[in-house]
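Enquirer: First the structure, then my questions, so here it is.
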(Lines give C-alpha, C1' and ligand atoms only; values in the text may rest on other atoms or scores of the structure.)
Protein backbone atom coordinates (compact mmCIF):
# COMPACT_ATOMS: atom_id res chain seq x y z
CA UNK A 1 0.00 0.00 0.00
CA UNK A 2 1.08 3.55 -0.68
CA UNK A 3 2.05 5.69 2.28
CA UNK A 4 -0.26 8.35 0.88
CA UNK A 5 -3.23 8.99 3.14
CA UNK A 6 -6.24 6.94 2.11
CA UNK A 7 -9.77 6.84 3.48
CA UNK A 8 -12.33 4.04 3.44
CA UNK A 9 -15.96 5.06 3.92
CA UNK A 10 -18.47 2.52 5.18
CA UNK A 11 -22.25 2.88 4.88
CA UNK A 12 -24.18 0.12 6.66
CA UNK A 13 -27.19 0.38 8.98
CA UNK A 14 -26.01 -2.67 10.96
CA UNK A 15 -24.10 -1.39 14.02
CA UNK A 16 -22.17 -4.63 14.54
CA UNK A 17 -21.13 -4.78 10.88
CA UNK A 18 -19.93 -1.17 10.98
CA UNK A 19 -17.88 -1.95 14.07
CA UNK A 20 -16.39 -5.09 12.52
CA UNK A 21 -15.42 -3.23 9.36
CA UNK A 22 -13.91 -0.37 11.34
CA UNK A 23 -11.75 -2.85 13.27
CA UNK A 24 -10.74 -4.77 10.15
CA UNK A 25 -9.87 -1.74 8.04
CA UNK A 26 -8.16 0.04 10.91
CA UNK A 27 -6.02 -3.06 11.56
CA UNK A 28 -4.13 -2.49 8.27
CA UNK A 29 -3.46 1.17 9.01
CA UNK A 30 -6.18 2.72 6.87
CA UNK A 31 -8.41 5.54 8.00
CA UNK A 32 -12.05 4.47 8.15
CA UNK A 33 -15.19 6.54 8.55
CA UNK A 34 -18.45 4.68 9.11
CA UNK A 35 -22.03 5.90 8.65
CA UNK A 36 -25.42 4.38 9.37
CA UNK A 37 -27.11 5.88 6.32
CA UNK A 38 -26.43 7.53 2.95
CA UNK A 39 -27.72 10.81 4.40
CA UNK A 40 -25.07 10.76 7.14
CA UNK A 41 -22.41 10.07 4.53
CA UNK A 42 -23.53 12.95 2.31
CA UNK A 43 -23.54 15.39 5.24
CA UNK A 44 -19.99 14.48 6.24
CA UNK A 45 -16.91 16.22 4.91
CA UNK A 46 -14.89 14.11 2.48
CA UNK A 47 -11.13 14.72 2.50
CA UNK A 48 -9.20 15.33 -0.70
CA UNK A 49 -7.50 11.95 -0.67
CA UNK A 50 -7.71 8.53 -2.37
CA UNK A 51 -10.86 6.86 -1.08
CA UNK A 52 -13.42 4.13 -1.63
CA UNK A 53 -16.86 3.26 -0.31
CA UNK A 54 -17.98 -0.01 1.27
CA UNK A 55 -21.73 0.10 0.77
CA UNK A 56 -24.47 -2.22 2.01
CA UNK A 57 -27.00 -3.06 -0.69
CA UNK A 58 -29.93 -3.39 1.73
CA UNK A 59 -30.53 -0.09 3.49
CA UNK A 60 -33.71 1.35 5.02
CA UNK A 61 -35.56 3.22 2.31
CA UNK A 62 -33.26 3.72 -0.66
CA UNK A 63 -31.15 0.72 -1.69
CA UNK A 64 -27.37 0.88 -1.85
CA UNK A 65 -27.57 0.31 -5.61
CA UNK A 66 -29.88 3.31 -6.07
CA UNK A 67 -27.65 5.43 -3.85
CA UNK A 68 -24.60 4.48 -5.89
CA UNK A 69 -26.38 5.51 -9.07
CA UNK A 70 -27.13 8.88 -7.46
CA UNK A 71 -23.46 9.33 -6.56
CA UNK A 72 -22.44 8.61 -10.15
CA UNK A 73 -24.99 11.09 -11.52
CA UNK A 74 -23.76 13.71 -9.03
CA UNK A 75 -20.19 13.25 -10.24
CA UNK A 76 -18.94 11.76 -6.95
CA UNK A 77 -16.38 9.32 -8.31
CA UNK A 78 -15.81 6.85 -5.49
CA UNK A 79 -14.96 3.22 -6.24
CA UNK A 80 -17.61 1.11 -4.51
CA UNK A 81 -17.51 -2.31 -2.87
CA UNK A 82 -21.01 -3.66 -2.32
CA UNK A 83 -21.79 -6.00 0.56
CA UNK A 84 -25.05 -7.79 1.18
CA UNK A 85 -26.62 -10.59 3.13
CA UNK A 86 -29.27 -11.10 0.45
CA UNK A 87 -27.33 -10.92 -2.79
CA UNK A 88 -28.28 -12.70 -5.96
CA UNK A 89 -26.79 -12.91 -9.45
CA UNK A 90 -28.97 -10.23 -11.12
CA UNK A 91 -28.17 -7.82 -8.28
CA UNK A 92 -24.43 -8.45 -8.54
CA UNK A 93 -24.51 -8.05 -12.32
CA UNK A 94 -26.28 -4.71 -11.94
CA UNK A 95 -23.71 -3.60 -9.37
CA UNK A 96 -20.75 -4.56 -11.55
CA UNK A 97 -22.26 -2.88 -14.61
CA UNK A 98 -22.62 0.26 -12.52
CA UNK A 99 -18.87 0.22 -11.94
CA UNK A 100 -18.57 -1.58 -8.61
CA UNK A 101 -15.12 -2.92 -7.77
CA UNK A 102 -16.52 -5.98 -5.98
CA UNK A 103 -19.77 -7.51 -4.75
CA UNK A 104 -19.22 -9.49 -1.53
CA UNK A 105 -21.93 -11.59 0.13
CA UNK A 106 -22.09 -11.63 3.93
CA UNK A 107 -20.36 -13.22 5.70
CA UNK A 108 -17.25 -12.45 3.67
CA UNK A 109 -13.63 -13.40 4.33
CA UNK A 110 -11.58 -10.59 5.83
CA UNK A 111 -8.87 -10.99 3.20
CA UNK A 112 -11.42 -10.77 0.38
CA UNK A 113 -12.62 -7.46 1.79
CA UNK A 114 -9.08 -6.12 2.25
CA UNK A 115 -8.11 -7.20 -1.28
CA UNK A 116 -11.18 -5.41 -2.66
CA UNK A 117 -10.37 -2.27 -0.66
CA UNK A 118 -6.75 -2.25 -1.88
CA UNK A 119 -7.96 -2.61 -5.49
CA UNK A 120 -10.55 0.15 -5.02
CA UNK A 121 -8.04 2.56 -3.51
CA UNK A 122 -5.57 1.90 -6.31
CA UNK A 123 -8.32 2.57 -8.84
CA UNK A 124 -9.05 5.90 -7.15
CA UNK A 125 -5.36 6.82 -7.05
CA UNK A 126 -5.15 6.16 -10.80
CA UNK A 127 -8.27 8.27 -11.41
CA UNK A 128 -6.83 11.12 -9.38
CA UNK A 129 -3.49 10.94 -11.20
CA UNK A 130 -5.31 10.98 -14.54
CA UNK A 131 -7.45 13.95 -13.48
CA UNK A 132 -4.31 15.81 -12.44
CA UNK A 133 -2.65 15.20 -15.81
CA UNK A 134 -5.73 16.33 -17.74
CA UNK A 135 -6.06 19.40 -15.52
CA UNK A 136 -2.45 20.38 -16.31
CA UNK A 137 -3.05 19.85 -20.04
CA UNK A 138 -6.15 22.05 -19.90
CA UNK A 139 -4.14 24.80 -18.22
CA UNK A 140 -1.50 24.63 -20.96
CA UNK A 141 -4.17 24.60 -23.67
CA UNK A 142 -5.81 27.66 -22.13
CA UNK A 143 -2.52 29.54 -22.63
CA UNK A 144 -2.65 29.02 -26.41
CA UNK A 145 -3.89 31.79 -28.69
CA UNK A 146 -6.96 31.15 -30.82
CA UNK A 147 -4.76 30.64 -33.89
CA UNK A 148 -2.51 28.23 -32.02
CA UNK A 149 -5.56 26.22 -30.96
CA UNK A 150 -6.71 26.01 -34.57
CA UNK A 151 -3.30 24.77 -35.65
CA UNK A 152 -3.08 22.26 -32.78
CA UNK A 153 -6.44 20.83 -33.80
CA UNK A 154 -5.35 20.45 -37.42
CA UNK A 155 -1.92 19.05 -36.54
CA UNK A 156 -3.56 16.50 -34.23
CA UNK A 157 -5.91 15.57 -37.08
CA UNK A 158 -2.87 14.68 -39.21
CA UNK A 159 -2.78 17.71 -41.52
CA UNK A 160 0.57 18.64 -43.07
CA UNK A 161 1.90 22.19 -42.84
CA UNK A 162 0.94 22.96 -46.46
CA UNK A 163 -2.60 21.69 -45.88
CA UNK A 164 -2.95 23.79 -42.72
CA UNK A 165 -1.64 26.87 -44.54
CA UNK A 166 -4.15 26.41 -47.35
CA UNK A 167 -7.05 25.77 -44.98
CA UNK A 168 -6.33 28.81 -42.81
CA UNK A 169 -5.17 31.11 -45.61
CA UNK A 170 -1.73 31.75 -44.12
CA UNK A 171 1.83 31.00 -45.21
CA UNK A 172 3.65 27.75 -44.48
CA UNK A 173 6.27 29.73 -42.58
CA UNK A 174 3.57 31.19 -40.33
CA UNK A 175 2.17 27.70 -39.74
CA UNK A 176 5.63 26.49 -38.71
CA UNK A 177 6.04 29.39 -36.28
CA UNK A 178 2.65 28.78 -34.65
CA UNK A 179 3.25 25.04 -34.60
CA UNK A 180 6.53 25.59 -32.77
CA UNK A 181 4.73 27.77 -30.23
CA UNK A 182 2.10 25.08 -29.72
CA UNK A 183 4.77 22.45 -29.12
CA UNK A 184 6.58 24.72 -26.65
CA UNK A 185 3.49 25.83 -24.71
CA UNK A 186 2.03 22.32 -24.55
CA UNK A 187 5.50 20.94 -23.64
CA UNK A 188 5.16 18.28 -26.31
CA UNK A 189 8.38 16.40 -27.05
CA UNK A 190 7.19 15.15 -30.44
CA UNK A 191 4.26 15.21 -32.82
CA UNK A 192 3.09 11.87 -31.39
CA UNK A 193 3.22 13.42 -27.91
CA UNK A 194 1.07 16.35 -29.06
CA UNK A 195 -1.47 13.97 -30.63
CA UNK A 196 -1.69 12.03 -27.35
CA UNK A 197 -2.27 15.29 -25.48
CA UNK A 198 -5.08 16.22 -27.86
CA UNK A 199 -6.64 12.79 -27.28
CA UNK A 200 -6.48 13.28 -23.51
CA UNK A 201 -8.13 16.68 -23.81
CA UNK A 202 -11.00 15.22 -25.78
CA UNK A 203 -12.87 17.28 -28.41
CA UNK A 204 -10.87 20.48 -28.78
CA UNK A 205 -13.15 23.54 -28.68
CA UNK A 206 -12.99 26.07 -31.50
CA UNK A 207 -12.04 28.90 -29.17
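The values are calculated or read from the model by the stated rules, or taken from the named source; none is laboratory data. Quick caveat: nothing in here was measured; it's all calculated off a predicted structure. Note that we place each Cβ from the backbone using ideal geometry, even for glycine, and neighbour counts take in every protein chain shown.
To keep it simple, each residue is scored yes or no on (1) within 17 Å of residue 12 (Cα to Cα); (2) under 20 Å from the mean Cα position of the chain (by Cα).
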site	(1), (2)
95	yes, yes
99	no, yes
102	yes, yes
109	no, no
113	yes, no
130	no, yes
136	no, yes
141	no, no
145	no, no
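Enquirer: Let me ask you something else. Within the range 1-39, count every residue that is out of contact with any helix residue (DSSP H, G or I) (no Cβ under 8 Å at 6 or more places or on another chain), in contact (Cβ under 8 Å) with a residue 24 or more places away in the chain and loosely packed, with under 12 Cβ neighbours inside 10 Å.
Expert: Of the residues in that region, 1 qualify.
Enquirer: Could I ask something else about it? Quick check on my filter: what residues within the range 9-45 are closer than 17 Å to residue 67 by Cα and under 20 Å from the mean Cα position of the chain (by Cα)?
Expert: Passing the criteria: 9, 10, 41, 42.
Enquirer: Still on this model: Could you list all residues from the range 176-203 that are in a loop (DSSP other than H, G, I, E, B) and either over 16 Å from residue 146 (Cα atoms) or in contact (Cβ under 8 Å) with a residue 40 or more places away in the chain (or both)?
Expert: Residues satisfying the conditions are 187, 188, 189, 190, 202.
Enquirer: Further, regarding this structure: Pick from 42, 21, 59, 55: which is more than 20 Å from residue 72 (Cβ to Cβ) and assigned by TED's automatic domain parsing to the domain that holds residue 118?
Expert: Only one candidate qualifies: 21.
Enquirer: Separate question: Would you mind stating whether residue 124 is part of a helix (DSSP H, G or I) and in contact (Cβ under 8 Å) with a residue 40 or more places away in the chain?
Expert: yes
Enquirer: State all residues of the range 100-113 that are in contact with a helix residue (DSSP H, G or I) (Cβ under 8 Å, 6 or more places away or on another chain) and either on the phi > 0 side of the Ramachandran plot or surrounded by fewer than 16 Cβ atoms within 10 Å (Cβ to Cβ) (or both); if no residue qualifies, say none.
Expert: Scanning the range 100-113 gives 106, 110.
Enquirer: Scanning for something without any contact (Cβ under 8 Å) to a residue 12 or more places away in the chain and in a loop (DSSP other than H, G, I, E, B), does the range 90-99 turn up at least one residue?
Expert: Taking every residue of the range 90-99 in turn, none turns out to be without any contact (Cβ under 8 Å) to a residue 12 or more places away in the chain and in a loop (DSSP other than H, G, I, E, B).
Enquirer: For residue 77, state whether it is under 18 Å from residue 5 (Cα atoms), surrounded by fewer than 17 Cβ atoms within 10 Å (Cβ to Cβ), touching a helix residue (DSSP H, G or I) at 6+ places or on another chain (Cβ under 9 Å) and at pLDDT below 95.
Expert: Yes: the conditions hold for residue 77.
Enquirer: If you scan the range 155-173, which residues turn out to be outside any loop (DSSP other than H, G, I, E, B) and in contact with a helix residue (DSSP H, G or I) (Cβ under 7 Å, 6 or more places away or on another chain)?
Expert: Within the range 155-173, 155, 156, 161, 162, 164, 165, 167, 168, 172 meet the criteria.
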